[in-house]
Every structure is written in C-alpha cells, then in structure tokens.
Amino acid sequence: MIRRPVLIGPLLISATLLLAACSGTPAPAPQPSAAAEQPPAEQVKAEPLTPQRLQTLWWSWASSAAPGQSPVEDATGQYCGDSQPFGVWLVAGTASGTADRHCQVPAALPLAGPAAAQVTKDQNDCAAFLAAAKGEVLLDGKPVQLEKMEPTKITYETEQGSKEGFSCGLWFRANPLSPGQHTLTLRGSSGSFANEVNYDLAVVKL
C-alpha cells in the first residue's frame, strides 16, 4: 500500500484565513444625506450680460408679448416662461401693485430682472426716475445686491416693431440656482410707482 503525504499545516492555515475573510462583516457604504442640497447645474454659455444687453433683452421680452400675456401683467406666473431669451431667465415686477407667481426655472440659467425700471424717450426723464428709485431683492430670504444702471440707450422689440429709448433702474443678477424650491421677492418704487412680486420657483434640471 502506497502512503501519500498529507499536508495538514498549509491547508489548515489557508482554510482558517478563508473562513476569517468570509465571516467578516463589511462596513455599510456611506449614504448621501437626504437633506444635502444638490449643486447647481453647469451654467449655459451665452454672451456676457452687459447692462445694455440685459436691458435690451428684458424690455424686448416684456414689450413683445401678446395682449393679456405680458410677464409684467401676469398675476399667477402662467406666462413667466414664455419667450425667454437664450442664456438667462428673466423675472418681472408689475406695472403697479403686487403679484404672487409660481414658476418653473431651468437649473442651468442665471436669473436677472429689475426691482424698479423704466424706459423713456428722454434721457433726463429716466435719470429723474432713477434718482428717486428704491428697491430690494430677496432670494431665499437673503438680500441680493442691486445694480444701479444709469440711462442707457437701447433698441428693443415691441408688438408694434422696434423702438429706441433710454432704459435705467435698479437691477439684480443671480447665478443658477440648485434644483429644488426657492423663493424670490422683488420690491421697488420711484415717485408714485410701487410694485412687489413674490416668486415661488421650482428649479429643475432639463
């Protein structure tokens, strides 16, 4: 009878190591916090938003809407997404009084608009409006810096065609918002003009 050598030591050590590896309980993978805020989407690349370009875009957007669909006259926000220009999402005050609007906003777009603004044929009239203008913008309850834009000559589109004028006012700009719910308040006045708009914004990735 042939006796075969039996390798006990190495096999026993290997089996012991294998069992130890199998019996270990792996640590659970870290879970993202449910309350963690999603980062903003990458901003759409567009032309620089100079004061002249911003005011031209805004007055064209506000003045070329069909009757009854003006973003300035919009009482609920149903028209706030209509005819938005490329590269920015514009918001509007009112001709007078207050409004509460609910809008859906693309996450990749910066926001911009006036707390108080005017476009006139005469530069001095615009300067007088600006001299008396006051306003504030709150984004998620925090103040946003306003930019005082001196009378600037622009050519903008209306329902009746192109017009020229001088635009001025107190304007704000904000970087793209993170997906989720946000609030935006615009308040402005000058002389007998006063307006306030409260936006509930649902920011979504498109």
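Here, each number is a calculation from the coordinates, and none is a lab measurement. Predicted model only: the values in this text are computed from it and were never measured. Reconstructed Cβ throughout: ideal geometry from the backbone, glycine too, with neighbour counts over all protein chains shown.
List pairs: first residue in region 119-134 and in contact (Cβ under 8 Å) with a residue 12 or more places away in the chain and at positive phi, second residue surrounded by fewer than 16 Cβ atoms within 10 Å (Cβ to Cβ) and assigned to a helix (DSSP H, G or I) anywhere in the structure, Cβ distance under 6 angstrom, at least six positions apart or on different chains.
Cβ pairs passing all conditions: none.
Considering region 129-165 alone, what residues qualify as being surrounded by fewer than 19 Cβ atoms within 10 Å (Cβ to Cβ), out of contact with any Asp or Glu (no Cβ under 9 Å at 6 or more places or on another chain) and closer than 30 Å to Pro67 by Cβ?
Listed by number, the residues that qualify are Glu157, Thr158, Glu159, Gln160, Gly161, Ser162, Glu164.
Determine whether region 178-197 contains at least one residue that is acidic (Asp, Glu) and surrounded by 17 or more Cβ atoms within 10 Å (Cβ to Cβ).
yes
Name the residues in region 170-195 that are under 30 Å from Asp122 (Cβ atoms) and touching a residue at least 60 places away in the same chain (Cβ under 8 Å), would you?
Residues satisfying the conditions are Trp171, Phe172, Arg173, Leu186, Arg187, Gly188, Ser189, Ser190, Gly191, Phe193, Ala194, Asn195.
In region 162-206, which residue that is assigned to a loop (DSSP other than H, G, I, E, B) and in contact with a Leu (Cβ under 9 Å, 6 or more places away or on another chain) is nearest to Gly141 (Cα to Cα)?
Applying the filter and picking the extreme gives Leu177.
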